[in-house]
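This report concerns only the one structure given below.
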């Protein structure tokens, strides 16, 4: 009996275990992702994977979402190929399900995802054998925020302010989930510190559900903050990624801090200062407090209430100490600094033994040139623009007239540009007059022409120059100019015949003279019936007269330059007998008259110029046909008029 009871018990237990195991196999399995991330406005797909022994016809699939209250709301139903979306839900028009369950995979698709779609979704799978399973997925919605902005304060901040001063504001808008803002100063995060730093964030939920975040930084500034860079770091979330980060552009602030030291310097001119310059002195401090007053003064007559002082046309009297003062109008602290100004100078030159010296010919003289200066100097001597010596002393040796002139002494101060002074030394070389012989003292000029003569005389004291002719006539001086070493004199004389003009020069040391010889050229005019005969006779007469005068007149020649030791008296012109000259001229004219008669006879007979003998030469004979030659001696003693046939006529001018 006992054995039977044990066997029955084992059978019942085995049946219970069988049925229990068979029921476990009937329950389906559901797998879903923990979360699905999607950008706002995009499409979300939630996948539900399951396995079941019942097959397609024995499985019911339902989709639910969890309300904020925790309740479940069905949005989709799928059974044996029949499916539909529940009406009246927020998803009715935006969802669809892909798949029939035959493959064990169904996908819920949500179009145009909204922020309120960020919910938990449930996929429930139920078999006909009463086995039910579910899976859950959280849908997360994201939106990248707009570009962040940073605005710093415009006014300056004083380090002496007791309260915290606003530095700036950072703001980022329309992000989801909520973005975060972190302040940085020189790459170091800024955290709130009591009485020193205060970071105040503010969060705004826009009407569309997006977040806008603003953060304001206030702090007590120090001097070093003048060079600090402030910026903000924005962190936000993105689908399937860790947090994202962007930074704003950096800003800096104006920090006012008091001066602890000042400096003063000469802004211009650069380098050494000389008399006559315009000096500009500047002053500045190491602080940035705008409530600081600067002043520059030399303690006497020069001062300014700004940080710049302009001193025009400085002199050596302006040399000395200039003081810069910085007065803080908030704390009334005063800081000073000074600079020593030195004005270099170069006084006028001093010439010794004076500005004028006289040197006898052949002797030696020395002159010195100096100028008092605050700097080393160098001296150079110039004459006619060319350098003739260096050093303070000018030595004139073996003086000649060419030594005379103006010597310019230039003293230059070294190390300072354009600081120089100059003086003029006038040198006269004493000597008796010496006339410089021109290129030609002999000339030919037409009668009645006016001739300008120039005579250059070297010597000192300046010579007295007079003009005269060989007949003893004194000519007036047209102009007279003193030069470095003498006198240039000019005169004008009218040519009436051969003439000798003397230039006479004299001073207290001697005299000199020279002669200008002027040969008069006489132009004659004659007319005849035949132009050919007239020109031939005129040319022959002129040639004969010139030859005769040249052979009968002794020319006056000039001399070589006279040495200063001897003076040669004016040369006289030797005069020949007038009768001899007139006789020679008459003979020549008679010969020419005979020649003219022969030519006239041949002309009438047609032997020359294509003429025939039938023409009467006497028809055109008149006073104009006569060839008249007039010759006068220097004394105008006699004039002879001859006709073509040699007949002697009474002179017209007697």
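The values are calculated or read from the model by the stated rules, or taken from the named source; none is laboratory data. Predicted model only: the values in this text are computed from it and were never measured. Positions of Cβ are backbone-derived with ideal geometry, glycine not excepted, and every protein chain shown enters the neighbour counts.
Just to check your reading of the model, which residue among 213, 200 is exposed (fewer than 15 other Cβ atoms within 10 Å of the Cβ) and in a strand (DSSP E or B)? Show your work before the answer.
On the way: 213 fails: exposed (fewer than 15 other Cβ atoms within 10 Å of the Cβ).
Selected residue: 200, the only one of 213, 200 that is exposed (fewer than 15 other Cβ atoms within 10 Å of the Cβ) and in a strand (DSSP E or B).
Identify all residues within region 431-450 that are surrounded by 13 or more Cβ atoms within 10 Å (Cβ to Cβ) and either within 13 Å of residue 503 (Cβ to Cβ) or without any contact (Cβ under 8 Å) to a residue 24 or more places away in the chain (or both); write none if there are none.
433, 434, 435, 436, 437, 438, 441
Somewhere in region 509-526, is a residue at pLDDT below 50 and either more than 25 Å from residue 436 (Cα to Cα) or out of contact with any strand residue (DSSP E or B) (no Cβ under 8 Å at 6 or more places or on another chain) (or both)?
Narrowing region 509-526 to residues at pLDDT below 50: 526.
Cutting the leftovers down to either more than 25 Å from residue 436 (Cα to Cα) or out of contact with any strand residue (DSSP E or B) (no Cβ under 8 Å at 6 or more places or on another chain) (or both) gives us 526.
So far as region 509-526 goes, yes, one or more of its residues are at pLDDT below 50 and either more than 25 Å from residue 436 (Cα to Cα) or out of contact with any strand residue (DSSP E or B) (no Cβ under 8 Å at 6 or more places or on another chain) (or both).
State yes or no: is residue 315 crowded, with 17+ Cβ neighbours inside 10 Å, in contact (Cβ under 8 Å) with a residue 24 or more places away in the chain and over 17 Å from residue 425 (Cβ atoms)? Give the steps one after another, and end with the answer.
Details: crowded, with 17+ Cβ neighbours inside 10 Å: no; in contact (Cβ under 8 Å) with a residue 24 or more places away in the chain: yes; over 17 Å from residue 425 (Cβ atoms): yes.
Judged against the criteria, residue 315 is not a match.
Within region 259-332, considering only strands (runs of 3 or more DSSP E) that don't extend past its boundaries, which have at least 1 residues that are on the phi > 0 side of the Ramachandran plot and not assigned by TED's automatic domain parsing to the domain that holds residue 373?
Passing ranges, in order: 320-328.
Taking region 415-435 as the region of interest, how many residues are within 25 Å of residue 388 (Cα to Cα) and in a strand (DSSP E or B)?
Taking region 415-435 and keeping what is within 25 Å of residue 388 (Cα to Cα), we get 415-431.
Next, from what is left, pick out any that are in a strand (DSSP E or B): 420-431.
Number of matching residues: 12.
When you look at residue 126, is it closer than 19 Å to residue 243 by Cβ and either touching a residue at least 24 places away in the same chain (Cβ under 8 Å) or outside any strand (DSSP E or B) (or both), yes or no?
Working: closer than 19 Å to residue 243 by Cβ: no; either touching a residue at least 24 places away in the same chain (Cβ under 8 Å) or outside any strand (DSSP E or B) (or both): yes.
Taking the combined requirement at face value, the residue does not satisfy it.
In region 333-351, how many residues are over 20 Å from residue 376 (Cα atoms) and in a strand (DSSP E or B)? Before you say what the answer is, go through the steps one by one.
Filtering region 333-351 for residues over 20 Å from residue 376 (Cα atoms) gives 333-340.
Okay, now just the ones that are also in a strand (DSSP E or B), so 334-340.
Here the count works out to 7.
Residue by residue, here is whether (1) surrounded by fewer than 18 Cβ atoms within 10 Å (Cβ to Cβ); (2) under 30 Å from residue 483 (Cα atoms); (3) in contact (Cβ under 8 Å) with a residue 12 or more places away in the chain holds:
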{"site": "326", "(1), (2), (3)": "no, no, yes"}
{"site": "335", "(1), (2), (3)": "no, no, yes"}
{"site": "349", "(1), (2), (3)": "no, yes, yes"}
{"site": "359", "(1), (2), (3)": "no, yes, yes"}
{"site": "371", "(1), (2), (3)": "no, yes, yes"}
{"site": "375", "(1), (2), (3)": "yes, no, yes"}
{"site": "380", "(1), (2), (3)": "yes, yes, yes"}
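Test residue 162 against the criterion of being closer than 19 Å to residue 193 by Cα and without any contact (Cβ under 8 Å) to a residue 60 or more places away in the chain, and give yes or no. It would help to see each step written out before you state the result.
Values: closer than 19 Å to residue 193 by Cα: yes; without any contact (Cβ under 8 Å) to a residue 60 or more places away in the chain: yes.
Judged against the criteria, residue 162 is a match.
Mind listing whichever residues of region 218-242 are over 21 Å from residue 149 (Cβ atoms) and under 49 Å from the mean Cα position of the chain (by Cα)?
Listed by number, the residues that qualify are 220, 221, 222, 223, 224, 225, 226, 227.
Checking residue 484 against (1) in contact with a helix residue (DSSP H, G or I) (Cβ under 9 Å, 6 or more places away or on another chain); (2) at pLDDT below 95; (3) assigned to a strand (DSSP E or B), only one condition comes out false. Which one?
Evaluating residue 484 over (1) in contact with a helix residue (DSSP H, G or I) (Cβ under 9 Å, 6 or more places away or on another chain); (2) at pLDDT below 95; (3) assigned to a strand (DSSP E or B) leaves (3) as the failure.
Mind listing whichever residues of region 462-474 are part of a loop (DSSP other than H, G, I, E, B) and either surrounded by 14 or more Cβ atoms within 10 Å (Cβ to Cβ) or outside the structural domain of residue 501 (by TED's automatic domain parsing) (or both)?
Applying the first criterion (part of a loop (DSSP other than H, G, I, E, B)) to region 462-474 yields 462-463, 470-473.
The answer is 462, 463, 470.
Quick one: count up the residues across region 161-172 that are surrounded by 14 or more Cβ atoms within 10 Å (Cβ to Cβ) and either over 14 Å from residue 247 (Cα atoms) or in contact with a helix residue (DSSP H, G or I) (Cβ under 8 Å, 6 or more places away or on another chain) (or both). Before you say what the answer is, go through the steps one by one.
First, the residues of region 161-172 that are surrounded by 14 or more Cβ atoms within 10 Å (Cβ to Cβ): 164-172.
Subsequent filtering for residues that are either over 14 Å from residue 247 (Cα atoms) or in contact with a helix residue (DSSP H, G or I) (Cβ under 8 Å, 6 or more places away or on another chain) (or both) retains 164-168.
So the count comes out to 5.
Would you mind telling me which numbered condition in (1) crowded, with 19+ Cβ neighbours inside 10 Å; (2) within 30 Å of residue 196 (Cβ to Cβ); (3) without any contact (Cβ under 8 Å) to a residue 40 or more places away in the chain residue 148 fails?
Of (1) crowded, with 19+ Cβ neighbours inside 10 Å; (2) within 30 Å of residue 196 (Cβ to Cβ); (3) without any contact (Cβ under 8 Å) to a residue 40 or more places away in the chain, only one is false for residue 148: (3).
Name every residue in region 437-456 that is touching a strand residue (DSSP E or B) at 6+ places or on another chain (Cβ under 6 Å) and either part of a loop (DSSP other than H, G, I, E, B) or outside the structural domain of residue 477 (by TED's automatic domain parsing) (or both), in order of residue number.
Taking region 437-456 and keeping what is touching a strand residue (DSSP E or B) at 6+ places or on another chain (Cβ under 6 Å), we get 441-447, 450-456.
Passing the criteria: 441, 447.
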